[in-house]
Amino acid sequence: MPVCMKTTQLIDTIASEIGELKQEMVQTDVSLENGLEPTEAHSMVRHTDDGCSQEKDVKTCPRDSGYDSLSSRLSILDRLLHTHSIWLQLNLSEEEAAEVLQSQPPGIFLVRKSTKMQKKVLSLRLPCEFGAPLKEFAIKESTYTFSLEGSGISFADLFRLIAFYCISRDVLPFTLKLPYAISTAKTEAQLEELAQLGLIPVLVFWAMSLTPPSILALAGTGSSSGLLEALNPTPCC
């Protein structure tokens, strides 16, 4: 093989490795700003890369036992997939979405379908200083991609779009936040129990989401009936 060709390949390889290192550093910085572990943020961004796996990168970066233990934790995408019946509320009106979110902290969100725009929108709870309690962002859909209007970043599905905006704001004023009960669930079984609340009026879960310890305690028992009893207690008299 000619020397010039070998040199060119070596330069390309080095440039590629530097680019990958910079990308990992940026992902780590974003994760730390949002209170996430580096491995979780890496997993989230990997899902947004047009469906292409980066398992090769993971294998070439040896991790210590501490990182290995973190890899088994539930990712944001896992939490979204298991609990979509709670945050994906296509039948909610704008007024109902505002009612649900008004008692929630900034960053909490819902996805609903706007009858005015005839498309899905991301309803986001805003801080008081923004003047309005709620702002909605239209979601563009094509045959194969989802994206927020005004953004140049697209995703293979709605779940990956929402997961991305939980760690990077892009066109949003700040990153999205999951309800406390969902973000602190320890197992898939707990998430499935919480998802059962999507079978009852949506206001019930959101009204109780401000007192998550009792919900999580019942979710850990694996009893859907226990969850429903906690949310609809029988009057004592």
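Within the group Ser53, Ser93, Ser71, which residue is at pLDDT below 95 and under 29 Å from Met208 (Cα atoms)?
Within the list Ser53, Ser93, Ser71, the selection yields Ser93.
If I ask for residues that are under 19 Å from Ser183 (Cα atoms), open to solvent by 40 Å² or more (accessible area, probe 1.4 Å) and part of a loop (DSSP other than H, G, I, E, B), which ones from region 88-139 would you list?
Ser103, Pro105, Pro106
Of all residues being assigned to a loop (DSSP other than H, G, I, E, B) and closer than 26 Å to His82 by Cα in region 150-166, which is least open to solvent (accessible area, probe 1.4 Å)? Just the residue, please.
Ranking the candidates gives Cys166 first.
The values are calculated or read from the model by the stated rules, or taken from the named source; none is laboratory data. The structure presented is a predicted model; accordingly, all values stated were derived computationally and were not measured. Note: areas computed on protein heavy atoms with side chains; ligands, DNA, RNA excluded. Shrake-Rupley method; radii C 1.70, N 1.55, O 1.52, S 1.80 Å.
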